[in-house]
Structure formats: structure tokens, C-alpha cells
Amino acid sequence: MVYLVTLLTILTHGCYVGSRLVTSLFALELGASPLEVGVLAGLYAFLSLLLAIQAGKVCDRLGPVRPMLFGALLGAAALGIASAFASINALYVCAALSGAGFIFFNVSVQSLVALMSTPAERSRNFSILSQSYSVSTLGFPLLVGFTLQYFGAVTSYLVLAVLALVPALLLPTARPLASLRSAAAGAKPRSNVLELLRDRPLRSSFVSSGLVVTGWDLYTFYLPVYAHAIGIDAVTIGTLLALFGGAAFVVRYFLPPLAARLTEAGLLAWAMLLAAALFVVFPLFHDVYALGLLSLLLGLTLGLGQPLSMMITYNRAPAARAGEANGVRLMVNHFTHFAVPIVSGALGTAFGVGPVFWLNAGCLAAAAKVLRAR
């Protein structure tokens, strides 16, 4: 069943990633400034930020399958709106609804994998799940790059909308998954989230996770803006993003033995320090091959961030509130998703690309410091 869940995640996350890429490039085509593109990218995270904790609580009470189904349907509807209306206003609606749909799916699928796994299997199964994010980050930018360049944005959104419907059609057929529930299933809402935030090790995992996400988020958001500004075409941009996703996929294969050797927190700290160094030099290069090499190296480092932060959070969270704790982690992540594109878009408009990448390097170095301190 973990492989079926992986397939559903590839499709849902891939459509989310593809939507962000199409929206960034289509908005630039429609005449949007880097700041406006940053606002659009922030909208992908805005409803996710507001709904993350509630999504976790719903998942704990109802089980993960129904929130996953809701999220898949909402994501498909968002893409359909962008395809049907193809305007800046439609892109704003698409961005907000896509973020809302994806947060319900994402919180729930991570809880589902935790519920499916014994403690001995958890590292392996989270590694498999994290590889699904890598596959979608590898394949969907290529798909979007070609469809956008040769068929246009409307067709790209339509193709993504059709693919986003597939998980909604497959989920009702997976009856064994529907029976999985957490220890909180059916319970009334309990104490507020402040109890989770008072737990110092858990709180440090939330903070470090949010800082780690800045690296992934800035790369996937700002690379299209940066590459477009230096004259790189859509297919090449998609290829650079695919190289990043492919490297993240490969490194996650080695995650269980690496984590066993260095511990989850230690491995993540080293990876973020290396990623910070790569972001310092990134804006110094304009050559496509150099950017391709940097994309590979960033994929090898940032690719470890998501699965390790998931494992750290689940290992430290109370068993009956694992979905809620993951919701808090994702709320922090999506605050980053919301703030980083807007701030980086404003910085890029005012000062150019260098400060954007260097600010992100500072965030990753801070994440490493938090992890090593704990």
C-alpha cells in the first residue's frame, strides 16, 4: 500500500509543483513584475498557513483518507479555474485554492504513512514517501516546460487538472487505507496548540523545519524568475528544476543508513550548512551548465530536508496528536512559503538577485545552528 500512496503523492504534489511553475512564467508573460510574481507564490502558501493546524486535527479525528480526497478535488478545481479564465485574477484564485487543497492532502498523507508503519519501518516508509516528492519535482517541471513552450499556459493548466483528478478517483478504491485511524480518531477537540509549542525539542523541530523549507521554496520560486531574467527558455528552466528533483530523489535512497550513522538532526544540520554555501555562490553564475551543476548539488542537500524534518517531528510528537503536530510544522513551513516569495520578490525588484540568495543562505545556516544546538 505504501507504493499506492507514493503514486497518489507523485500526482498531487506534481500538479502543485507544476502549477507554481506555470503560474510564475505565465504571470511574467502577462506583464507581472517580480513583486507580483512573489505575491502569487505567497498565495500558494496563504491558505495553507491558515489551515495547516485544522487540517492536522481533522486528519486525527476522521482519519487521513477523507482529507486527502478533499485536497485532491480542490487542487483539480483550482487548476481548472486557471485553464478556463487565463487571467491574472484567475491565477490569484488558482494559487490560493491550490495551496488549500495541497495542505489537506499533504498533512494527511504523511499521517497515513506514519499510521501504516511500525517504528522499525517508519524511516524506510518516510524515505519512500519523500522520494515521491522528488519524482514529481523531477518529472512535472519537464512536462510543464514542454507543454508551456509548445502548447501554451491554458493547455498546461488543463493537463495538470486532469492529472490532479486521478488521486480522487483512486482513493475510494483503496479500502484498507480508509480503516486507518490515529489514537485521536473520533475524539472531541482537546487543548490548544500551545501545549505542543511548549515542548522544547518539538518546538525546535518546528523552527528548524521552517528555516529549512526556505531553501527549497526559494529555489523552486526564484529560479524561474532568475533564469527568465538572464534569457533562459522554459524548457531549459524545466530541465534545471528536474535536475534538482532528480538529485533529491537519489539522495533520499541513502537516507536510512545516513540517518542511522549521523542521527536525523545531525545529518540535517550538515546538509543545510552545505546548501547555505551553495546559495552564496549561486547568483555569481549565468552559464546554463554551471547552474545545472549547482542545481544537482542543491538537490543532494535540500532533498534531505523534508523527510528528515518529518521524521524528527513524528518521533518527538505525542502519538495521539501526530497529525496536529505535523500540521504545526507545516503551518510554520507555509508561513515561510508565504513570506519568502514576497520578501524575495521585493528584494529582487529593488536590489537584484544577490541579496535574495544570500538571505536564504543565512536562513539555512540558522537552521543548522538550531539543529546542532538541540
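The values are calculated or read from the model by the stated rules, or taken from the named source; none is laboratory data. Only a predicted model underlies this, so the values are computations on that prediction, with no experimental measurement involved. Glycine gets a Cβ as well: all are built from the backbone with ideal geometry, and neighbour counts include every protein chain shown. Remember, those area values only see protein heavy atoms, side chains included, never the ligands or the DNA or RNA. Shrake-Rupley method; radii C 1.70, N 1.55, O 1.52, S 1.80 Å.
Confirm whether Gly245 is open to solvent by less than 30 Å² (accessible area, probe 1.4 Å) and touching a Pro at 6+ places or on another chain (Cβ under 8 Å). Here the answer is yes, as Gly245 does meet what is asked. Screening the candidates Ala325, Ala373 for the property of being modelled with pLDDT of 75 or more and over 24 Å from Tyr92 (Cα atoms) yields one hit, Ala325. Scanning the range 45-69 for residues that are of a type outside the set (A, V, I, L, M), at pLDDT 85 or above and crowded, with 19+ Cβ neighbours inside 10 Å yields Pro64, Pro67.
Conditions (1) modelled with pLDDT under 80; (2) among the polar types (S, T, N, Q); (3) within 20 Å of the chain's Cα centre (by Cα), marked per residue:
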position	(1), (2), (3)
Gly292	no, no, no
Gly299	no, no, yes
Gly303	no, no, yes
Ala319	yes, no, no
Asn333	yes, yes, yes
Gly345	yes, no, yes
Val353	yes, no, no
Ala361	no, no, yes
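Scanning the range 87-110 for residues being touching a Ser or Thr at 6+ places or on another chain (Cβ under 7 Å) and of a type outside the set (A, V, I, L, M) gives a total of 5. Reported count of residues in the range 255-304, each being in contact with a helix residue (DSSP H, G or I) (Cβ under 9 Å, 6 or more places away or on another chain), free of Cβ contacts under 8 Å to residues at least 60 places away in the same chain and not in a helix (DSSP H, G or I), is 2. Tell me yes or no: at least one residue of the range 7-26 is over 24 Å from Val135 (Cα atoms), aliphatic (A, V, I, L, M) and either under 17 Å from the mean Cα position of the chain (by Cα) or not in a loop (DSSP other than H, G, I, E, B) (or both). No, the range 7-26 contains no residue that is over 24 Å from Val135 (Cα atoms), aliphatic (A, V, I, L, M) and either under 17 Å from the mean Cα position of the chain (by Cα) or not in a loop (DSSP other than H, G, I, E, B) (or both).
Of note, Leu170 satisfies the criterion of being open to solvent by 50 Å² or more (accessible area, probe 1.4 Å), modelled with pLDDT of 75 or more and not polar (S, T, N, Q). Where residues in the range 65-101 are of a type in the set (Val, Ile, Thr) and free of Cβ contacts under 8 Å to residues at least 60 places away in the same chain, which of them is nearest to Leu7 (Cα to Cα)? This residue is Ile81. Inspect the range 307-319 for any residue being over 21 Å from Ala247 (Cβ atoms), open to solvent by 10 Å² or more (accessible area, probe 1.4 Å) and of a type in the set (Gly, Ala, Ser) and give the result as yes or no. Yes, there is a match, as at least one residue in the range 307-319 is over 21 Å from Ala247 (Cβ atoms), open to solvent by 10 Å² or more (accessible area, probe 1.4 Å) and of a type in the set (Gly, Ala, Ser).
Being open to solvent by less than 10 Å² (accessible area, probe 1.4 Å) and among the β-branched types (Val, Ile, Thr) is not true of Thr239.
Return yes when Phe104 is within 18 Å of Leu11 (Cα to Cα) and open to solvent by 50 Å² or more (accessible area, probe 1.4 Å) and no when it is not. Considered against the rule, which asks whether it is within 18 Å of Leu11 (Cα to Cα) and open to solvent by 50 Å² or more (accessible area, probe 1.4 Å), Phe104 comes out as no. Being open to solvent by less than 30 Å² (accessible area, probe 1.4 Å), in contact with a Pro (Cβ under 8 Å, 6 or more places away or on another chain) and at pLDDT below 85 is a condition met by no residue of the range 15-33.
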